[in-house]
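> One structure, pasted below without further comment.
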Amino acid sequence: MIAEKARIAAAALTRRLVSVTVEGVSMEPAFQDGDQVLVIRRRRPRPGQVVVVESPFGKQGWREPPLPSRAAPSLVAARRWMIKRVVALPGDTVPRGLGLANVSDERVPAGMVVLLGDNPSSSFDSREFGYFPLVRLLGSVSLVSAVPR
């Protein structure tokens, strides 16, 4: 009985928490290539918060529908993810002067978010893609385990 409860608790936890490895330099200096981050799935993001978002295939967008909010870890692992910082949420004023692609609204539309990498010279983000759908966010970064340098 205890083993069964532990198995159920572990399954629930893996649907709520995900470990992701940072790849690339788009979030330097805050996050380095190889850092591990713990992500709380489907937590409502706030401006300034770092999130993990499903990576589109270039400017064309995504090839598959969004994952369900309680998708199994194996389905999460099969997708491509990137780490970015939230700049604006639905209803927020669209930030000006950042050169956001395909953005002409005064306010961020419902269901969308503006995301930027901390390293603008090496980041594919809203400057190149425009708005990202909130349903493509995996969750918010909660804990970072830095790779020893």
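> Of R42, R96, R85, which is the most mobile in a GNM of the chain whose springs link Cα atoms less than 10 angstrom apart?
R96
> How much accessible surface does T93 have with a 1.4 Å probe, in Å² rounded to 10?
Rounded to the nearest 10, the figure is 80 Å².
> Among P56, P45, P109, which one shows the biggest mean-square fluctuation in a GNM of the chain, springs joining Cα atoms closer than 10 Å?
Fluctuation is largest for P109.
> Here's something else I'd like to know. Rounded, prolate or oblate, given the Cα gyration tensor of the range 107-149, with a/c below 1.5 counting as rounded?
oblate
> Let me ask you something else. Would you mind getting me the FRET efficiency between L17 and S122? Use the beta-carbon distance for r and R0 = 25 Å, nearest 0.05.
Rounded to the nearest 0.05, the efficiency is 0.35.
> Under the definition of Cα pairs under 8 Å and six or more residues apart, what whole-number percent is the relative contact order of the chain?
Relative contact order here is 31 percent.
> Oh, and also: If I fit a long axis through the Cα atoms of helix 2-16 and take the longest principal axis of the Cα atoms of the chain, what angle between them do I get, 0 to 90°, rounded to 10?
For helix 2-16, the angle is close to 10 degrees.
> In Å², and per residue, what accessible area does the chain have when probed at 1.4 Å with the other protein chains present?
55 Å²
> Then there's this: Using a 1.4 angstrom probe on heavy atoms only, work out the carbon and sulfur share of the accessible area of the range 17-121 in %.
Carbon and sulfur together cover 52 percent of it.
The values are calculated or read from the model by the stated rules, or taken from the named source; none is laboratory data. Here the structure is a predicted model, which means the values were calculated and not measured. We place every Cβ from the backbone using ideal geometry, glycine too, and count neighbours over all the protein chains shown. Only protein heavy atoms, including side chains, enter the accessible area calculation; ligands, DNA and RNA are left aside. Shrake-Rupley method; radii C 1.70, N 1.55, O 1.52, S 1.80 Å.
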